[in-house]
Amino acid sequence: MAFPSLYEQWTNNWNLSYYQTVAALAKTPEPLLTMEPIFAVEAGKKLVRTPIEIYFRAPGIDFPNPDVANKFSQQGFQAMATEACTIFLEGKGEQIFPTELQKRWRAEFQTFQKTRWGTILLTNSFGCH
């Protein structure tokens with residue numbers, strides 16, 4: 001169930017810069033690719049559908065978790081990026097994405113915002129505004 005995981009994040013994120021990041025995400029096109037669903041919920045964004053089992057992980061699982069990280073190949077992550085209009089490389093969840101892909105995405109896509117919470121990238125996927 002997602003609620004305990006989201007509740008834990010809500011109660012631990014009372015920070016002005018967190019809400020500034022959420023406000024920035026609210027201005028970006030959807031769907032959003034992120035490994036932390038709290039940001040999509042707070043920003044009112046649809047998620048890329050593919051990694052839904054990660055979004056609803058049990059609370060208390062710390063990254064990097066080899067079981068989670070190995071669920072998707074590099075090609076699988078790239079397919080998710082192709083679906084996304086916005087990618088949020090954030091905090092602990094950032095460790096899930098392969099380093100090589102992160103480097104490629106940072107070079108290929110426009111950086112919308114970079115803060116201590118992570119980097120928001122705007123993709124050039126078809127249909128994104």
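The values are calculated or read from the model by the stated rules, or taken from the named source; none is laboratory data. Quick caveat, the model's predicted, so the values are computed rather than measured. Because the Cβ atoms are built from the backbone with ideal geometry, glycine has one as well, and the counts that use them run over all protein chains shown. Please note that ligands, DNA and RNA were not included when accessible areas were found on the heavy atoms of the full protein model with its side chains. Shrake-Rupley method; radii C 1.70, N 1.55, O 1.52, S 1.80 Å.
Please work out which residue is modelled with the lowest pLDDT, limiting yourself to the stretch 84-105 and to residues that are under 12 Å from PHE39 (Cβ atoms) and open to solvent by less than 10 Å² (accessible area, probe 1.4 Å).
GLY93
Being in a helix (DSSP H, G or I) and open to solvent by less than 60 Å² (accessible area, probe 1.4 Å) is the filter; apply it to the stretch 69-83 and report the residue that is modelled with the highest pLDDT.
So the residue we want is ALA81.
Picking from PRO66, PRO51, which residue would you name as being under 23 Å from PHE126 (Cβ atoms) and at pLDDT below 60?
The match here is PRO51.
Among GLU83, GLU90, GLU108, which is the only one that is touching a Pro at 6+ places or on another chain (Cβ under 9 Å) and among the acidic types (Asp, Glu)?
The conditions single out GLU83.
Just to be sure I understand the filter: pairs with C-beta atoms under 7 Å, separated by 6 or more residues or on different chains, first member in the stretch 22-45 and part of a loop (DSSP other than H, G, I, E, B), second member of a type outside the set (Lys, Arg) and open to solvent by 40 Å² or more (accessible area, probe 1.4 Å). Which pairs pass?
THR28/PHE112; PRO29/HIS129; PRO31/LEU47; PRO31/GLU83; GLU36/GLY91; GLY44/ALA26; LYS45/GLU30
All but one of (1) modelled with pLDDT under 85; (2) open to solvent by less than 10 Å² (accessible area, probe 1.4 Å) hold for PHE126, so report the exception by its number.
Result: PHE126 fails condition (2) only.
Which one is surrounded by the most Cβ atoms within 10 Å (Cβ to Cβ) among residues in the stretch 6-46 that are within 15 Å of THR115 (Cβ to Cβ) and modelled with pLDDT under 75?
ASN13
Which ones in the stretch 106-121 are crowded, with 18+ Cβ neighbours inside 10 Å and on the phi < 0 side of the Ramachandran plot?
Selection gives PHE109, GLN113, TRP117, THR119, ILE120, LEU121.
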